[in-house]
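Here the structure is laid out as structure tokens; the discussion comes afterwards.
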Amino acid sequence: MTSTQRGDSNTDLDVGDLTRAIENFNRYYIRLPAVQKLSFTTLSVLDTLAFSGPKRLTALVSTEQISQPGLTQLVTRLERDGLVERRPDPADGRAVLVHITDSGRRIGQARHEDRGRYLIPLIDRLAPAERQAIAAALPALTRLAELGAEAGR
């Protein structure tokens, strides 16, 4: 097995297995029903702004992997709906930063709570050792996400 399959040679983590597990879970997780129907891209932009803070449109194009015109249209709709607002960039008066509003944050929080309601009955069906394994993995998964964000991916 290569280092890209296992990661560090001092571990028994198979990156292919990790990738498949995350993809399988994400396939289920991102499709959970929600009280408020919003597109995946809309939710992703709101989530990015909620966790990463204000961003320029060009930075959002990079993180959200959509075209500049598509993102500009989306931000315009979100601004019209009161979920984001554009403000001058204090570091560059010619540029603007997109900020999430309190209403935008509430949508993210409601989505989080909705997803939790769907997961609780599933988690209850896991064996205690499975729940403990997931709990033990949370710090490492959180750190992995942080490293990905730091790397800009």
*Top-ranked residue in the range 67-100 [being in contact with a Leu (Cβ under 6 Å, 6 or more places away or on another chain) and open to solvent by less than 30 Å² (accessible area, probe 1.4 Å); ranked as farthest from Gln36 (Cα to Cα)]*: Asp89
*Need at least 2 residues that are over 15 Å from Ile107 (Cα atoms) and touching a residue at least 12 places away in the same chain (Cβ under 8 Å) per element, so show me which helices (runs of 4 or more DSSP H) inside the range 29-85 make the cut, counting only ones lying wholly within it.*
57-64, 68-80
*asked:* Considering only the range 40-55, I want to know if a residue exists there that is surrounded by 11 or more Cβ atoms within 10 Å (Cβ to Cβ), more than 30 Å from Gly116 (Cα to Cα) and either of a type outside the set (S, T, N, Q) or in contact with a Leu (Cβ under 6 Å, 6 or more places away or on another chain) (or both).
replied: no
*asked:* Out of everything in the range 3-28 that is among the acidic types (Asp, Glu) and not in a helix (DSSP H, G or I), what residue ends up being modelled with the lowest pLDDT?
replied: Asp8
*Would you please name the residue that is farthest from Gly53 (Cα to Cα), looking only at residues in the range 101-111 that are surrounded by 12 or more Cβ atoms within 10 Å (Cβ to Cβ) and of a type outside the set (A, V, I, L, M)?*
Arg111
_free of Cβ contacts under 8 Å to residues at least 12 places away in the same chain, open to solvent by less than 90 Å² (accessible area, probe 1.4 Å) and within 19 Å of Thr63 (Cα to Cα): is that true of Glu150 in this structure?_
no
*Please state which of the following conditions Gly108 fails to meet, knowing it meets all the rest: (1) under 22 Å from the mean Cα position of the chain (by Cα); (2) in a helix (DSSP H, G or I); (3) modelled with pLDDT of 90 or more.*
(3)
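The values are calculated or read from the model by the stated rules, or taken from the named source; none is laboratory data. Everything numeric here is computed off the predicted structure, so don't read it as measured data. No Cβ is skipped: glycine too gets one built from the backbone with ideal geometry, and neighbour counts run over all protein chains shown. Accessible surface is based on the protein model in full, side chains and every heavy atom, while ligands, DNA and RNA are left aside. Shrake-Rupley method; radii C 1.70, N 1.55, O 1.52, S 1.80 Å.
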